[in-house]
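The values are calculated or read from the model by the stated rules, or taken from the named source; none is laboratory data. The structure presented is a predicted model; accordingly, all values stated were derived computationally and were not measured. Here Cβ is always computed from backbone atoms with ideal geometry, including for glycine, and neighbour counts include all displayed protein chains.
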Amino acid sequence: MNEGEYLALTGASLNGAEMIACGLATHYSLNEKINTIEDRLANLMTDDPSIIETQLNQYGTLVYPEKKSVVFRIEEIDKCFGHDTVEEIIDVLFAGNLLDQEQEVAETNNDWCTSALRKLKEASPLSLKVSLRSVREGRYQSLDQCLIREYRMSLHGISKRVSDDFCEGVRARLVDKDYAPKWDPPSLEHVSTDMVDFYFSPLGEVEPELELPTGQREAF
């Protein structure tokens, strides 16, 4: 399953129904029920997960993704985004048709591939490679390890020691709004392994590592 790679590289997002379908959320509730849910949970005198689950189930709403939702493109996503490198992913997207299907469906797949490819072409080449590695490392890490890794990536990203792409992206999209960022490195072939490795390296003496209050957590 390579939905994580797809979301990370394209910047696509999931709505509530899609989060439920992908197993990333457990309950979906309408806005008008939120205050009631908060009050009921706040008044519970227990941290028993089964009791909390029972309370949430009373206010949950059944929802289903729309037919055009990305959750129905799992096969295409796996075929495109399951490859080892960003370059290979782009090559498969560029190839267009993924399956021998009816013409109408094939054209829909072409549109989806074109849209995904455009988003990858617009993104920072360095960030694409960093993001792909991050998703794949995170798949085998604990929550604490993921938070520490992402904290390192964030601080390294704004340090400008390897690239100024974060600031350049902000400039192009939010400041000047010319939507024409000048990425450095300018292409995937210029992104070295050392550049990517830097984003996952310890922070060093200048900035302390993220310290999580793991020992203070109360077990259920």
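Tabulated results
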item: Cross-chain or 6+ apart pairs with Cβ under 9 Å, the range 1-20 first and among the hydroxyl-bearing types (Ser, Thr, Tyr), then not in a helix (DSSP H, G or I); result: 6/12; 10/123
item: Verdict on residue 69 being surrounded by 12 or more Cβ atoms within 10 Å (Cβ to Cβ), modelled with pLDDT of 90 or more and touching a helix residue (DSSP H, G or I) at 6+ places or on another chain (Cβ under 8 Å); result: yes
item: Test: residue in the range 20-27 that is small (Gly, Ala, Ser) and not in a helix (DSSP H, G or I); result: yes
item: Where residue 155 falls short, out of the listed (1) touching a residue at least 40 places away in the same chain (Cβ under 8 Å); (2) more than 21 Å from the chain's Cα centre (by Cα); result: (2)
item: Qualifying position, being closer than 22 Å to residue 134 by Cα and surrounded by fewer than 11 Cβ atoms within 10 Å (Cβ to Cβ), among 47, 84; result: 84
item: Residue match in the range 174-197 (condition: closer than 30 Å to residue 82 by Cβ, assigned to a helix (DSSP H, G or I) and among the hydroxyl-bearing types (Ser, Thr, Tyr)); result: yes
item: Enumeration of residues in the range 108-147 that are assigned by TED's automatic domain parsing to the domain that holds residue 185 and β-branched (Val, Ile, Thr); result: 130, 135
item: Enumeration of residues in the range 163-179 that are surrounded by 14 or more Cβ atoms within 10 Å (Cβ to Cβ) and either in contact with a His (Cβ under 7 Å, 6 or more places away or on another chain) or closer than 20 Å to residue 7 by Cβ (or both); result: 165, 166, 169
item: Contacts under 9 angstrom Cβ, first residue in the range 32-58 being free of Cβ contacts under 8 Å to residues at least 40 places away in the same chain, partner of a type in the set (A, V, I, L, M) and outside any helix (DSSP H, G or I), 6 or more apart; result: 51/44; 52/44; 55/44
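Let's see how each residue does on (1) touching a strand residue (DSSP E or B) at 6+ places or on another chain (Cβ under 6 Å); (2) not aromatic (Phe, Trp, Tyr); (3) not in a loop (DSSP other than H, G, I, E, B):
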{"residue": "6", "(1), (2), (3)": "no, no, yes"}
{"residue": "13", "(1), (2), (3)": "no, yes, no"}
{"residue": "17", "(1), (2), (3)": "no, yes, yes"}
{"residue": "36", "(1), (2), (3)": "no, yes, yes"}
{"residue": "46", "(1), (2), (3)": "no, yes, no"}
{"residue": "53", "(1), (2), (3)": "no, yes, yes"}
{"residue": "64", "(1), (2), (3)": "no, no, no"}
